[in-house]
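Okay, structure first, notes after.
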Amino acid sequence: MARSFNQVVLMGNLTRDPELRATPNGQQVCSFSLALNRSYKGADGNWQEVTDYIDIVAWGPLGERVAQYLSKGRPCLVNGRLQSRSWEQEGQKRSKVEVVAQDVTFLGGAGGDGGGQSGGYQGGSSNSGSSKPTPSKKQDDVVIEDIGDEPINLDDIPF
């Protein structure tokens, strides 16, 4: 049987503060939800705005960093995979599809203004006077890139 492909890329804003918990065996897990806005032209010819809400789970050190640096309203980019799970609660079978994050890029500044650095990096810029970004440095699952003092215009992103 051929292997399947399961990959999700989402960019949106957190709907609530991340919730960091520990499993009984001590593994850290962080849960949060993203609001994804989209628009489409309805049958009447008018543009309609719709928001989808997607639950995200980040495990281990990635979950710890998400809980530390992100908060309600902050934008982020999540790369991950879809996972479905089911359980029984009060005699009823329940199920859920969620995204298991493999990489989270923090977007916007510390105030969530939509412009700033990626990767949740809080340090100052060492790229004075240059408009060319320095090469990306990978630290576990978070990409840290020094983009200088220029804010990112989200309208320039092609997706």
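The values are calculated or read from the model by the stated rules, or taken from the named source; none is laboratory data. Bear in mind that the values here come from a model prediction, so they are computed numbers and not experimental data. Cβ coordinates were reconstructed from backbone atoms using ideal geometry, including for glycine residues, and neighbour counts include every protein chain displayed.
General observations
- Hey, R21 exposed (fewer than 15 other Cβ atoms within 10 Å of the Cβ), in contact with an Asp or Glu (Cβ under 8 Å, 6 or more places away or on another chain), farther than 23 Å from L154 by Cβ and without any contact (Cβ under 8 Å) to a residue 24 or more places away in the chain or not: no
- Each residue in the range 52-96 was checked for being of a type in the set (D, E), under 18 Å from V29 (Cα atoms) and part of a strand (DSSP E or B), and 1 pass.
- Where strands (runs of 3 or more DSSP E) fall entirely within the range 1-47, those with at least 2 residues that are at pLDDT 95 or above and of a type in the set (S, T, Y) are at 28-41.
- Cβ-Cβ under 7 Å pairs, at least 6 apart or on other chains, the range 58-84 side modelled with pLDDT of 95 or more, far side surrounded by 19 or more Cβ atoms within 10 Å (Cβ to Cβ) and acidic (D, E): L62/D141
- Only one of Q83, Q68, Q28, Q92 that is surrounded by 15 or more Cβ atoms within 10 Å (Cβ to Cβ) and farther than 23 Å from L154 by Cβ: Q28
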